[in-house]
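So the structure is just underneath, and the comments pick up after that.
Any read-out appearing in this document is the output of simple, stated calculations on the displayed coordinates, not a laboratory observation. Not measured: the values here are computed from a predicted model. We place every Cβ from the backbone using ideal geometry, glycine too, and count neighbours over all the protein chains shown.
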Amino acid sequence: MKLNLKEILKDNFARGTIVMTVMTILGAALNFLVHPILTRRLTIAEYGDFQALLSFITIIAVVSGVIQMTLTKEFSLLKKNSLAQISSLRKTIIIKLWLYGGVAFIILVIMSKPLADIFNIGHPLYIILTAAMVIYLFPLAVNRAIIAGLEKFSSLSINMFIDSFTRLAIIILLVVAWQLKLTGASIALGATSLLSFFISYLQIRKLGLPAADNNYIATPKPIIKYGLTVLWFTILSQFFFNFDILFVKATFDPTTAGLYGSLITIGRIIFFIGGSVPLIVFPIVAGLDHNDHEKKNKIFYKALGFVMMLALPAAGAIALFPNFVIRFIVGQKYLAVASLLPKIALMFLLLTIFQVTSQYFLALNRKLSIWLLSFGVILEIILLNMFHSSLSQVIIMTSVVFLLINVSLFILFFKDRRVNKLSLKQL
């Protein structure tokens, strides 16, 4: 058993997945603690404002995530040529992103009053305090992209965990100890990644990258083109993660929508546990040679194996013990939907699997996979509008869409595998 464990830990994919999973779970636990603290320290209206501010920074985080994923692929490719080129690209991009972040913050300050009205937030100051994160968030995305591109997964997971730790620590200090209420909570949101930002510079320095190669000139066009593909993928992912919730809220009465929200809260545990796998898959696959089909296949199989090993037990526990899970996580008043928990578990298991496989194809820049996801969006909209007589039917229709996406992505994988085998034989 010891030998097997040693062998497993020698594999970068396995080691990275284990570390990332542990740190993701710990980070999720700290994020979860924020809410019971705030519900007890803020008024209901203030907590509603906090949720709106969370939605606001989620939109900003989408832009940051697109930058990080796009550059992760680029840095993964550059590491095979010259680390000095990574330094050159970082130097070029990070200066521009500092400028863009500053301009974005000024615009958000000017627009704080209209935004406060749109989000129905009590005072524009809360928007300004939260928006402060855009000043440093984009340069942080560059540093994290380098760490991920060089496959330093332990450093990446620690850096991401610091976000959760910082947010909770600031809320305890400013909301609980100093009783600054929503002002303190807004500062916590705006400064969530500030410590991670400074530590990322220390982590980059520890990598020992050589000085910038002055002869290297990055070609922005392919980077921007791929960035648009990543943006497309990110929008699709956000749709699958949120559309059913918005649909239920718009279609059913508030109580039923609240019950469905409790199911989603529990189901997302499955996604968070298995969600560390794509963070490992993407940079490793992106950095492989174009013709290294055997390694790509192995990574695909490993990704499936790990996501099933992580997500399947979580889904099984939720499905087998629905009453206990509901009482423990959301409370006894939500027991009315306990019978739907096995279906939710299956739905989120399917979601987790296709998120992993779709990121595999995104790393390869296989645009057909994005079109398949786009078709899934259209299909989900059609099916939910046709069949929504109950929450059970909503879950079933959503699961059917996720199942069809999984099947189509698996067909695409085996089709590509067959084509690659034939091309190798011809050589």
Over the chain, the sum of -39500 (n - 2.57) across DSSP H runs of at least four, divided by residue number and rounded to 500 deg cm²/dmol, gives at 222 nm -28500 deg cm²/dmol
One can check that the equivalent ellipsoid of segment 53-181, built from the alpha-carbon gyration tensor with semi-axes equal to the square roots of five times its eigenvalues, has lengths in Å, largest first, of 31, 19, 11
For segment 187-332, using Cα atoms only, the Rg and Dmax in Å read 21.2, 65
Ranked output for segments 74-80, 235-241 by mean other Cβ atoms within 10 Å, highest leading, reads 74-80, 235-241
For Leu174, the net charge from surrounding residues (Cβ-Cβ under 14 Å; K, R +1; D, E -1) works out to +2
Connecting every pair of Cα atoms under 10 Å apart in the chain and solving the GNM, the largest mean-square fluctuation among Thr192, Thr256, Thr183 falls on Thr256
Taking only Cα atoms of segment 2-218, the Rg to Rh ratio with Kirkwood Rh works out at 1.03
So, for the Cα atoms of the chain, Rg and Dmax in Å stand at 22.2, 71
So the pair-distance distribution of segment 341-427, from every Cα-Cα distance in 10 Å bins, comes to percents of 17, 41, 27, 11, 4, 1
A correct Kirkwood calculation over the Cα atoms of segment 266-319 returns a hydrodynamic radius in Å of 12.0 Å
Given 380-390, 142-152, the highest-first ranking by average Cβ count within 10 Å works out to 142-152, 380-390
For segment 280-392, the Cα gyration tensor yields equivalent-ellipsoid semi-axes (√(5λ), largest first, whole Å) of 34, 20, 9
Rounded to two decimals, the Debye log10 I(q)/I(0) of segment 222-426 (Cα scatterers, no solvent) at q = 0.08, 0.17 Å⁻¹ is -0.30, -1.14
